[in-house]
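Visitor: Dropping a structure here in structure tokens format, bear with me for questions.
The values are calculated or read from the model by the stated rules, or taken from the named source; none is laboratory data. The model shown is predicted, which means the values in this text are computed figures rather than measured ones. Heads up, the Cβs are rebuilt from the backbone with ideal geometry, glycines too, and the neighbour counts pull from every protein chain shown. To get the accessible areas, we keep the full protein, side chains included, count just its heavy atoms, and leave off ligands, DNA and RNA. Shrake-Rupley method; radii C 1.70, N 1.55, O 1.52, S 1.80 Å.
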Amino acid sequence: MRMPRRGLVIQARTRWLLVGLALLFSLVLLMYLLECAPQTDNNGSLPGVVGESMGKEYYQALLQEQEEHYQNRATSLKRQIAQLKQELQEMSDKLKSLQEKKSPKVNGMNYQGTKEQTSNDLLEFLHSQIDKAEVSVGAKLPSEYGVIPFESFTSMKVFQLEMGLTRHPEEKPVRKDKRDELVEVIEAGLEVINNPDEEDGQDEDDGVGDRQLYSETDFIEGYYRTERDKGTQYELFYKKMDGMEYRHVTLFRPFGPLMKVKSETVDISQSIINIIVPLAGRTEAFAQFMQNFRDVCIHQDKRVHLTVVYFGQDGLSEVKSILESVARETDFHNYTLVSLNEEFNRGRGLDMGARAWEKGEVLMFFCDVDVYFTAEFLNSCRLNAEPGKKVFYPVVFSLYNPAIVYANQDIPPPVEQQLVHKKDSGFWRDFGFGMTCQYRTDFLTVGGFDLEVKGWGGEDVHLYRKYLHGDLMVIRTPVPGLFHLWHEKHCADELTPEQYRMCIQSKAMNEASHSHLGMLVFRDEIEAHLRKQAYRTNSEAVG
């Protein structure tokens, strides 16, 4: 907005007032320096030469006289400074009063109305920032690396991913909003340099030809950091190619106060979850899974349907027997067993399980037989998935090999006692996208799994990317009530090179923590050290 002419007059008077005060302060300072300057006495004698006979009393009197002189001068200067401060305050009050009286009207509003308009504009801007953010609707992303994962927490704990997927020491910003943010910051720094204010140390009256203009190619480097309750700070450095002078610009993007986006009541009392488990063999693991299913789903939650998609004939009768046994003992009959006489394909199994449901819309939880979940997780599943709006991709906490974690015990503790979030007991499986909660219509709308993917791995990432490329919001967060139990993994020779690499990576990550693996690698060295220590102790005892 262009400042009115009357405002320019007031600003000019203010400048002259400040210049006058500065001159007055300079005059007082000059008087002080003149008074405090040491006075030379051409007739004075140097001590120890001609003036030795003048005695000690003479110098004491001289020092006392000088001290009284400086004290009086200091008192006078303090009084003058106090008077100047009082006059400055009075002039400031008069100037403020003058501005309020002569403040121009804008569109029929006075200065107070202008402030109210500014406040409304700020509020509108903050709302527009919320609209631009990924709060109410999803954003189309190029890949899984563009997702900003949430960090979940309770009143006592925080569940965080540390570096998440972006473990590369050097990379280009993947998310478009991050790229746009940095471009905007660089351009804002150029605006500051090329159009300086008075406080920047350059005279505004200087012509553009008298200054060097900087461009994007002169940007050297920058730093930024974010304090979540304050804002983001940027330190930017620019330099001309043939010069040694750097221009340093500091910018800060403040956060606004917390604003309500929406407040709603979510009723999940009638929300049924269809838990779909693809399976081939591994009947012992399925029996353990059904024990957890019985405790959590049948006895606690009571709002689930179980769909088991079994591949092959070997072990099928045992799976049927386990399901029938649970049904008899608990009077639970909300399950479906789909039998496929073909080679195991996880994507195919989940796709068949989703299509086997014939009762309309339903929330689905794609699960594995090695997954342990709690009743609290099932509610998180219901709360974070919404048809046509949101899909839920929780990050599973994957447990390490209990034989290594609990190597100092005779036998590992029961599974329920292994479910702890510790660095040496497991890790957040942030590279896995197999466990997900999503509505059936959303799954069918995006086209389901890529059924061309054979064998282990890859099908879950393809589905995940389909959602990232669409308009649905992807909720990605670690959850405390979802665990992947350790089991021995075999990487088949029939896998493609990419699948085999992913399988080996998963196998290595699943075995043990860095420290435990290190103890295994250096086991011989550790045992040799212990033998030496024992021999030394025995030798000292004998001696």
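Visitor: Could you tell me how far the Cα centroid of the range 337-381 sits from the Cα centroid of the range 405-451, in Å?
Guide: 15
Visitor: Using a 1.4 angstrom probe on heavy atoms only, work out the carbon and sulfur share of the accessible area of the range 482-543 in %.
Guide: Values: 2780 of 4740 Å².
For the range 482-543, the apolar C and S fraction of the accessible surface comes to 59 percent.
Visitor: Ok, one more. At 0.36 nm per residue, minus the direct Cα-Cα distance, what do Ala74 and Glu329 gain on full extension? Give it in nm, one decimal, please. Walk me through the numbers on the way to the answer.
Guide: Numbers: separation 255, 0.36 × 255 = 91.80 nm, distance 9.83 nm.
Once the chain is fully extended between Ala74 and Glu329, it gains 82.0 nm.
Visitor: Is the shape of the range 311-416 rounded, prolate or oblate, going by the alpha carbon gyration tensor and its root eigenvalues a ≥ b ≥ c, with a/c under 1.5 for rounded and a/b larger than b/c for prolate? Walk me through the numbers on the way to the answer.
Guide: Working: a/c = 1.72, a/b = 1.22, b/c = 1.41.
Verdict is oblate for the range 311-416.
Visitor: May I ask you to derive the FRET efficiency for Gln300 and Val415 from their Cβ-Cβ distance with R0 = 22 Å, giving the value to the nearest 0.05? Could you put the intermediate results ahead of the total?
Guide: Numbers: r = 17 Å, r/R0 = 0.77.
That gives a FRET efficiency of 0.80.
Visitor: Taking the convex hull of the Cα atoms, report for the range 273-519 its projected area averaged over all directions, in nm².
Guide: 13.8
Visitor: What residue among Phe427, His462, Asn510 has its Cα farthest toward the positive end of the dipole of the range 388-523, where the charges are +1 on Lys, Arg and -1 on Asp, Glu, each on the Cβ?
Guide: Phe427
Visitor: List the residues whose amide H sits under 5 Å from the amide H of Asp430, counting only those 5 or more places along or on another chain, with H placed 1.01 Å from N in the peptide plane.
Guide: Residues meeting the amide H criterion: none.
Visitor: Among the listed pairs Lys389/Lys507; Lys359/Lys389; Lys359/Lys466; Lys422/Lys507, which have their C-alpha atoms separated by more than 29 angstrom in this model?
Guide: Lys389/Lys507
Visitor: Could I ask something else about it? If you place +1 on the Cβ of every Lys and Arg, -1 on the Cβ of every Asp and Glu, and leave all else neutral, what size is the dipole of the range 273-519 about its Cα centre, to the nearest 20 Debye? Each step should come with its number before you reach the end.
Guide: Working: 24 positive and 32 negative charges, 135 e Å.
Dipole about the Cα centre, nearest 20: 640 debye.
Visitor: Where only protein heavy atoms count, and the probe is 1.4 Å, what is the accessible area per residue for the range 261-316 in Å²?
Guide: On the way: 2610 Å² over 56 residues.
On a per-residue basis, 47 Å².
Visitor: Using the C-alpha gyration tensor of the range 455-499, what are the square roots of 5 times its eigenvalues, in whole angstrom, with the largest one first?
Guide: On the way: eigenvalues 132, 76, 6 Å².
Output for the range 455-499: semi-axes of 26, 20, 5 Å.
Visitor: Return the carbon/sulfur percentage of the accessible area of the range 260-375, one whole number, probe 1.4 Å, all protein chains in place.
Guide: Carbon and sulfur atoms account for 44 percent of the accessible area of the range 260-375.
Visitor: Scan around Val446 for amide H atoms under 5 Å from its own, H built in the peptide plane at 1.01 Å from N, and keep only partners 5 or more places away or cross-chain.
Guide: none
Visitor: Can I ask one more? Residue by residue, what Karplus-based ³J(HN,Hα) values in Hz, rounded to whole numbers, does the range 376-391 have, using 6.51, -1.76 and 1.60 with θ = phi - 60° and x for Gly and Pro?
Guide: 5, 5, 4, 5, 4, 4, 5, 6, 9, 10, 9, x, x, 10, 9, 10
Visitor: Rounded to the nearest 20 Debye, what is the dipole magnitude of the range 368-491 about its Cα centre when Lys and Arg each give +1 and Asp and Glu each give -1 at the C-beta?
Guide: Numbers: 12 positive and 15 negative charges, 71 e Å.
Its charge dipole is roughly 340 debye.
Visitor: Rank Cys437, Ala407, Gln313 by how far each Cα sits towards the positive end of the charge dipole of the range 273-519 (+1 on Lys, Arg Cβ; -1 on Asp, Glu Cβ) and give me just the farthest.
Guide: My answer, from the dipole projection, is Cys437.
Visitor: If you don't mind, another one. Which whole-number percent gives the relative contact order of the range 273-519, counting Cα pairs below 8 Å spaced six or more residues apart? Don't skip to the end; give the middle numbers.
Guide: Details: 413 pairs, mean separation 58.3, N = 247.
About 24 percent, as a whole number.
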